[in-house]
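What follows is one structure encoded as structure tokens, with my remarks underneath.
The values are calculated or read from the model by the stated rules, or taken from the named source; none is laboratory data. As the structure is a prediction and not an experimental result, all values here were calculated from the model. Reconstructed Cβ throughout: ideal geometry from the backbone, glycine too, with neighbour counts over all protein chains shown. All accessible areas refer to the heavy atoms of the entire protein, side chains included, with ligands and DNA or RNA removed. Shrake-Rupley method; radii C 1.70, N 1.55, O 1.52, S 1.80 Å.
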Amino acid sequence: MTDPYDVIVVGAGIVGAACARACAAQGLTTLVVDAAGVGGGATAAGMGHIVVMDDSPAQLALTRRSQQLWGALAAELPSKVEFEPRGTLWVAADEEEMQEVRRKQVVYSAAGVRTEVLDAHSLAAAEPQLRPGLAGALLVPSDAVLYPPAAAAYLIHQAMDLGARMLPSQRVVAAGRGQVRMEDGSSLSASRIVNACGAGAISLLPELPIRKRRGHLLITDRYPGFVHHQLVELGYLKSAHSVAGASVAFNVQPRQTGQVLIGSSREFGEEDAAINHTLLAAMLRRAQSYLPRIGALKTIRVWTGFRAATPDKLPLIGPWPDDPSLLLATGHEGLGITTSLATGELVAAEIAGVKPEIPAQPYLPARFLDGSRAASQQGLFEEAAHD
Amino acid sequence: MTQIFDTLVIGAGPAGMAAAIAAAESGQRVGVVDDNPAPGGQVWRHGTPLPNAGRRWKGQFEAAPAVRLAGWRVIDCLRLAPDGGVLRAECNTPSVPAADLHFRHLILATGARERFLPFPGWTLPNVMGVGGLDAMVRGGLPIAGKRVVVAGTGPLLLAVAAHLIKRGAQVVAICEQASLAQMAPLGLALLRQPGKLRQGAAYRWATRKTPFLTHCWPLAALAEPGADDHRDPGTQPRLRTVTLHRNERQWNVACDYLACGFHLVPNTELATLLGCQMQDGFVVTDQQMRTSTPGVWCAGEPTGIGGVDASLLEGRIAGLSAAGKSEAALSLSQRRPAIQAFTQALEHACRLNPRLRDLAAEETTVCRCEDVHMGALRERSSARDARLHTRCGMGPCQGRICGAATEFLFGWLPDPARPPIFPALVSSLMEEAAAGSPAQPEIDSR
Ligand SMILES: Cc1cc2nc3c(=O)[nH]c(=O)nc-3n(C[C@H](O)[C@H](O)[C@H](O)COP(=O)(O)OP(=O)(O)OC[C@H]3O[C@@H](n4cnc5c(N)ncnc54)[C@H](O)[C@@H]3O)c2cc1C
Ligand SMILES: Cc1cc2nc3c(=O)[nH]c(=O)nc-3n(C[C@H](O)[C@H](O)[C@H](O)COP(=O)(O)OP(=O)(O)OC[C@H]3O[C@@H](n4cnc5c(N)ncnc54)[C@H](O)[C@@H]3O)c2cc1C
């Protein structure tokens with residue numbers, strides 16, 4: 001057996017990559033293990049929207065911190081990462097949603113995020129493809145778009161420059177008590193282990209309160225200038241457009257290649273990667289209701305991905321109370337590309353024993369183990385499904 | 001639009017036509033989808049001059065009572081069960097909305113496409129596929145007096161060279177990558193196929209003034225004689241010279257066109273989308289051409305590259321079997337072994353020389369859609385890894401061209417098919433599948 005590592009990160013998605021980079025930067029000897037390669041899980045399926053969200057103060061703190069970290073990294077990202085400060089337009093369809101625009105502006109501004117309210121006229125000027133008659137939008141200029149697998153590869157690359165090692169094509173079958181055991185029977189030891197397996201984290205720790213939430217995306221051929229910002233409907237927050245327990249929302253992104261990425265859908269209880277045609281059709285009709293000419297674009301590919309959802313929509317970051325050697329960095333749902341950097345920062349701070357930049361408490365896994373351990377996690381999810 | 005069929009055939013090449021004829025004869029309500037306006041597939045699509053067999057089969061097909069969806073392309077499968085399913089198809093005319101095709105039995109006769117391998121200069125204008133140049137000439141490209149090098153591997157080289165010569169082209173060389181020894185079993189198999197032998201002999205007679213060089217391949221296509229591609233910006237580089245390689249010798253040949261194709265690869269996107277079992281890149285079938293997916297048959301090139309006769313036979317077997325005439329299908333399938341022996345000999349003869357892997361230089365383009373170079377691919381571990389980190393195969397051809405190349409170059413298996421299996425309008429994916437029982441289609445019987 002080789003010398004023990006300070007840290008073994010299991011999973012080389014964008015979250016594991018960010019953890020490895022942050023740990024290596026703390027001077028910790030770090031190994032990353034992945035069953036496949038770098039960024040091939042949810043990271044290869046996600047939209048790559050770097051976005052500040054305010055479902056809760058804790059979500060706002062984590063996304064805000066992450067967005068700042070991405071902004072600081074932007075200048076050094078290689079062109080393959082396709083980082084573009086496109087900004088988000090939260091599109092308001094009517095006066096009720098305009099009130100939400102103004103509420104959001106107050107909250108964002110209190111968190112130090114600059115925003116701009118667009119009226120109907122300036123929205124139409126900013127995005128001529130949008131249907132006429134929309135009420136306006138909230139522009140968040142500091143939001144960005146990137147290509148997640150390349151971003152993960154860059155973070156791993158940086159970790160390796162700082163001395164970390166990467167072990168691809170090794171499935172981990174057990175991780176805990178300072179030991180990581182591989183499918184081929186070999187094992188490695190480390191002072192601390194980080195489970196960053198995304199939605200796969202439950203295979204190593206079945207009691208985690210994580211469920212897979214499937215999403216569909218569609219990418220088109222190249223239509224440069226079709227849209228300019230990431231466009232998201234404010235109805236997204238209400239999750240209003242429900243189809244048989246699943247929901248769709250208008251969420252469209254311009255890629256640096258000129259391609260248009262169309263989302264999004266959310267559904268629980270689906271384990272396979274197949275396309276749900278009914279949901280896909282509903283998602284596209286929703287997009288068409290905002291962008292009437294989108295039907296004329298050519299589709300290159302449709303795919304699905306799995307978000308790792310927790311009952312309270314906040315990730316699990318920090319020590320696992322039952323095993324002092326084990327930390328979690330999973331449960332990032334639909335925001336893991338954004339929040340990977342702040343997650344890495346929190347994990348490294350915990351392991352190195354330094355004070356984190358933002359309070360770690362809201363994300364600690366222990367929050368689900370307080371009181372009776374069996375407190376129906378199912379029940380927690382059912383509550384969450386209503387919002 | 002929604003249409004319902006007993007038997008739905010995808011592809012109107014030889015296999016698809018034979019399948020449709022057999023099923024329609026048996027009283028089935030038959031639909032045939034092909035993305036081309038004219039039936040006939042790769043060999044018989046282009047009108048003139050059509051061999052007798054082609055004329056006969058096309059005539060029979062046109063006379064058969066079947067609904068022909070010409071200029072339609074299957075893009076997705078919406079539903080699949082042992083007793084039938086629904087495919088979605090898109091029309092070449094963008095104003096026509098997508099259609100849902102309901103079927104009880106499905107016959108895949110989707111044919112094959114040419115394989116391209118990257119070498120320096122293969123993306124220059126006037127370097128094209130062997131079948132590709134042939135089709136362009138049939139479509140009116142003037143070729144008389146032009147110097148053409150025909151290269152690659154497979155029987156297509158000789159057939160196309162013969163046709164180009166007939167049209168007045170000056171075919172300078174036919175370069176077959178296989179060695180003579182490698183082709184010997186094919187020669188033997190041909191002896192048992194008098195028709196093919198006669199055809200081959202006729203092609204060779206037609207090309208007798210052109211050297212047929214075995215164990216010979218292009219090293220590079222150059223835009224200037226002997227020089228690489230350096231010119232004033234703005235002017236289109238044009239093919240001038242091809243560097244050929246044979247027995248450790250290399251030399252330059254001046255030419256106007258290089259027709260280069262390395263045999264065929266089957267179109268199996270739809271079969272893989274439907275979960276049909278595959279082996280070595282081909283769809284596995286039983287004697288009646290049934291795939292592992294209940295209710296789905298497969299005939300022609302996706303089961304093995306065997307040429308027109310194999311496709312016709314397999315198509316007919318599949319059509320009979322889908323119509324419930326298992327005995328007739330089984331009795332016909334007794335003729336398959338002889339044809340399969342030819343398919344195997346052909347496969348052996350077209351096996352690619354490993355040295356062709358070294359043709360591409362670091363800066364040679366492998367994926368044309370996304371401009372990915374050989375050098376960027378070497379460090380990748382799989383087709384998916386390459387797609388994610390270099391964009392190889394992410395473009396509008398959906399990896400159809402570079403996928404066959406990277407499979408040979410690096411041994412990467414293609415990714416599982418994802419809908420749409422061809423680039424399709426966003427609007428074509430916007431409709432839900434109609435659940436009710438739609439109107440019966442009109443049968444086009446003449
Ligand atoms: C449709 C969709 C759209 C999205 N859009 C956005 C967006 O716009 N912005 C945003 O911020 N987020 C978005 N997300 C969310 C984001 O993609 C995820 O939160 C993020 O990718 C999670 O990263 P991860 O590293 O935790 O997981 P993954 O990327 O899934 O990485 C986990 C890794 O662990 C490895 N692994 C798993 N089990 C094992 C094992 N036993 N042994 C070894 N290795 C193992 C896997 O191979 C994988 O590489 C989206 C998600 C989806 C599905
Ligand atoms: C360029 C070329 C030239 C050839 N020349 C000769 C020759 O001279 N002599 C010879 O013996 N053999 C030749 N072959 C081989 C010969 O074409 C095949 O043996 C024969 O055509 C196979 O018949 P098939 O029905 O299996 O496929 P094909 O003839 O390829 O027909 C399949 C048809 O299905 C259509 N199709 C595929 N997918 C879909 C979809 N999803 N939706 C709708 N339509 C679809 C295709 O467009 C095509 O028209 C040639 C092959 C090629 C590629």
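Brief remarks on what is shown
- Set side by side, the residues B:ALA159, B:ALA169 differ, and just one is within 17 Å of the chain's Cα centre (by Cα) and more than 26 Å from B:GLU407 (Cα to Cα), which is B:ALA159.
- Residue pairs whose Cβ atoms lie under 7 Å apart, sitting 6 or more positions apart in sequence or on different chains, and linking a residue in segment B:12-33 that is without any contact (Cβ under 8 Å) to a residue 40 or more places away in the chain and away from every other protein chain (no Cβ under 14 Å) to a partner that is open to solvent by less than 10 Å² (accessible area, probe 1.4 Å) and within 7 Å of ligand 2 (Cβ to nearest atom), are B:VAL32/B:ALA12; B:VAL32/B:GLY16.
- Condition met for A:THR299 (closer than 24 Å to B:MET394 by Cα, modelled with pLDDT of 95 or more and within 16 Å of ligand 2 (Cβ to nearest atom)): yes
- If you go through segment A:19-72 and pick out every residue that is assigned to a helix (DSSP H, G or I), among the aliphatic types (A, V, I, L, M) and either within 14 Å of chain B (Cβ to nearest Cβ) or under 27 Å from A:LEU218 (Cα atoms) (or both), you end up with 2.
- Close pairs from segment A:202-225: first away from ligand 1 (no atom under 16 Å from the Cβ), partner of a type in the set (A, V, I, L, M, F, W, C) and open to solvent by less than 40 Å² (accessible area, probe 1.4 Å), Cβ under 8 Å, at least 6 apart: A:ASP221/A:LEU297; A:ASP221/A:ILE300; A:TYR223/A:VAL260; A:TYR223/A:LEU297
- Annotation note: of B:SER381, B:SER311, the sole residue that is more than 30 Å from B:ARG246 (Cα to Cα), out of contact with any Leu (no Cβ under 9 Å at 6 or more places or on another chain) and within 16 Å of ligand 1 (Cβ to nearest atom) is B:SER381.
- Taking every residue in segment A:26-42 that is within 14 Å of A:GLN158 (Cα to Cα) and pairing it with any residue that is open to solvent by 60 Å² or more (accessible area, probe 1.4 Å), at least 6 positions away or on another chain, the pairs with Cβ-Cβ distances below 6 Å are A:LEU31/A:ARG165.
- Failed criterion for A:THR278 (all others in (1) more than 13 Å from every other protein chain (Cβ to nearest Cβ); (2) out of contact with any helix residue (DSSP H, G or I) (no Cβ under 6 Å at 6 or more places or on another chain); (3) not hydrophobic (A, V, I, L, M, F, W, C) hold): (1)
- Selection within segment B:155-177 - part of a loop (DSSP other than H, G, I, E, B) and crowded, with 22+ Cβ neighbours inside 10 Å: B:ALA169, B:GLN177
- Count of residues meeting criterion [in a strand (DSSP E or B) and either of a type outside the set (A, V, I, L, M, F, W, C) or under 17 Å from the mean Cα position of the chain (by Cα) (or both)] in segment A:298-327: 17
- Strands (runs of 3 or more DSSP E) contained entirely in segment A:186-288, each with at least 2 residues that are open to solvent by less than 40 Å² (accessible area, probe 1.4 Å) and at pLDDT 95 or above: A:187-195, A:211-222, A:230-233, A:246-254, A:259-268
- Test result for B:GLY393, closer than 22 Å to A:LEU146 by Cα, within 14 Å of chain A (Cβ to nearest Cβ) and under 25 Å from the mean Cα position of the chain (by Cα): yes
Residues are listed down the side, and each one gets a yes or a no for (1) part of a strand (DSSP E or B); (2) more than 10 Å from ligand 2 (Cβ to nearest atom); (3) away from every other protein chain (no Cβ under 14 Å); (4) in contact with a helix residue (DSSP H, G or I) (Cβ under 8 Å, 6 or more places away or on another chain):
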| position | (1), (2), (3), (4) |
| --- | --- |
| B:HIS46 | no, no, yes, yes |
| B:GLN60 | no, yes, yes, yes |
| B:ARG68 | yes, yes, yes, no |
| B:VAL86 | yes, yes, no, no |
| B:PRO97 | no, yes, no, yes |
| B:ARG104 | yes, yes, yes, no |
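- Total residues in segment B:334-355 satisfying the condition of being assigned to a helix (DSSP H, G or I) and within 20 Å of B:LYS196 (Cα to Cα): the figure is 14.
- A single member of B:CYS367, B:CYS350 is within 14 Å of chain A (Cβ to nearest Cβ), at pLDDT 95 or above and crowded, with 20+ Cβ neighbours inside 10 Å, and it is B:CYS367.
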